[in-house]
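Visitor: Right, I'll just put the structure down here and ask away after.
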Amino acid sequence: MVIREATSRDWPSIWAFMEGIVRTGETFSWDRDTPEDLAKEFWFPKPPGRTFVAVDECGTVLGTANSVQNHMGGAAHIAGASFMVDPRHSGRGVGRALGRHVLEQARGDGFRAMQFNAVVETNTRAVALWKSLGFEVMTTLPEGYLHPTHGYVGLHIMYQRL
C-alpha cells in the first residue's frame, strides 16, 4: 500500500465508496443526502488542508483521509482529520496506515496537536484504532449523534498531542 496526496482524478474512486458511507449515516456526521459536488468540496480542503489516498499496487483507492487546520487564530496550531476506508478493503490496515500518515504529516506541517471533533461512540473499531494510535477521548457529548439504528448515541471528541 502506498499513501500519497490525492488529486481530482482520484475523486470518482473516492466517491464510489464515500457515497455509501455518507448515505448510511452510521459513522460520519455529514447530512445523508450530501450531494457529490459538496462532498468533494468538503473532502478537498484549501491549504493548509491536505487530502490523501491509500492505493494498492494496481492503483486501486483503498481509503482516503484529509487533514485540516481545525481552528483559527490562537488555536490555529490544532489539526483535525477525517478518514474513510472502502468497506471492501476493511480489516487490511488501511485506516491505521492513513492515521499514521496523517499524524506524521501534521507534525511535519508544524501542528502541535490533533483533535477529532466527532467520533461516533458506536464506531468501536475507529475508537479502538484512534486510541491505539495515541488519541484520548477528552469528552463525550451524550446523545450527540443520531444513529440510524441505535438512536441517539454519544459523540466523542478525541485528542492527541503531536
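The values are calculated or read from the model by the stated rules, or taken from the named source; none is laboratory data. Worth saying up front: this structure is predicted, and the values here are computed from it rather than measured. Here the Cβ is made from the backbone with ideal geometry for all residues, glycine too, and neighbour counts use every protein chain on show. Side chains are part of the model used for accessible areas, which takes the heavy atoms of the whole protein and leaves out ligands, DNA and RNA. Shrake-Rupley method; radii C 1.70, N 1.55, O 1.52, S 1.80 Å.
Visitor: Enumerate the amide H contacts of residue 144 below 5 Å, restricted to partners 5 or more residues apart or on another chain; note that Pro and chain-start residues carry no placed amide H.
Guide: Close amide H contacts, sequence-distant or interchain: 153, 154, 155.
Visitor: Let's see if you can work this out: charge +1 on each Lys and Arg Cβ, -1 on each Asp and Glu Cβ, no other charges. What is the dipole magnitude of the stretch 97-162 about its Cα centre, in debye to the nearest 20?
Guide: Dipole magnitude for the stretch 97-162 comes out near 220 debye.
Visitor: Just name one of 22, 99, 83: the one whose Cα is farthest towards the positive end of the charge dipole of the stretch 1-133 (beta-carbon charges, Lys/Arg +1, Asp/Glu -1).
Guide: Positive-end residue among those listed: 99.
Visitor: Also: Could you tell me what percent of the accessible area of the stretch 102-154 is made up of carbon and sulfur, with a 1.4 Å probe and every protein chain present?
Guide: The nonpolar share, carbon plus sulfur, comes to 48 percent.
Visitor: Now a separate question. Multiply the residue gap between residue 34 and residue 157 by 0.36 nm, knock off their C-alpha separation, and tell me the result in nm, one decimal place.
Guide: Residue separation times 0.36 nm, minus the Cα-Cα distance, leaves 42.0 nm.
Visitor: Heavy-atom accessible area per residue, the chain, 1.4 Å probe: how many Å²?
Guide: 53 Å²
Visitor: Would you work out the charge dipole size for the chain about its Cα centre, treating the Cβ of every Lys and Arg as +1 and the Cβ of every Asp and Glu as -1, and quote it to the nearest 20 debye? Present the calculation step by step, with values, prior to reporting the outcome.
Guide: On the way: 16 positive and 17 negative charges, 107 e Å.
Approximately 520 debye in magnitude.
Visitor: To continue, here is another question. Where the eigenvalues come from the Cα gyration tensor of the chain, what are the semi-axes √(5λ) of the equivalent ellipsoid, largest first, in whole Å?
Guide: Numbers: eigenvalues 93, 84, 49 Å².
Output for the chain: semi-axes of 22, 20, 16 Å.
Visitor: Mind telling me which of 49, 20, 74 comes out most flexible in a GNM of the chain, alpha-carbon contacts under 10 Å?
Guide: Sorting by GNM fluctuation, first place goes to 74.
Visitor: Here is a further query. Which whole-number percent of Cα pairs in the stretch 78-162 have a distance greater than 14 Å?
Guide: 64 percent
Visitor: Have a look at 85, 102, 137 and tell me which one the Gaussian network model of the chain (Cα, springs below 10 Å) gives the largest fluctuation.
Guide: 137
Visitor: Oh, and also: Show me the three semi-axes of the equivalent ellipsoid for the stretch 47-115, from the C-alpha gyration tensor (sqrt of 5 times each eigenvalue), largest first, rounded to whole Å.
Guide: Each semi-axis is √(5λ); the values are 25, 10, 10 Å.
Visitor: If contacts are Cα pairs under 8 angstrom and at least 6 residues apart, what is the relative contact order of the chain in percent?
Guide: 19 percent
Visitor: Moving to a separate point now. Figure the gain on full extension for residue 128 and residue 75 (residue separation times 0.36 nm, minus the Cα-Cα span) and round it to one decimal in nm.
Guide: Once the chain is fully extended between residue 128 and residue 75, it gains 16.4 nm.
Visitor: Of all accessible surface on the stretch 54-95 at a 1.4 Å probe, what whole percent is carbon and sulfur? Can you show the working numbers first?
Guide: Numbers: 1000 of 1870 Å².
Answer for the stretch 54-95 is 53 percent, counting heavy atoms of protein chains only.
Visitor: At 0.36 nm per residue, and after removing the present C-alpha to C-alpha distance, how many nm does the segment from residue 140 to residue 1 gain when stretched out fully?
Guide: Values: separation 139, 0.36 × 139 = 50.04 nm, distance 3.35 nm.
Additional length available on full extension: 46.7 nm.
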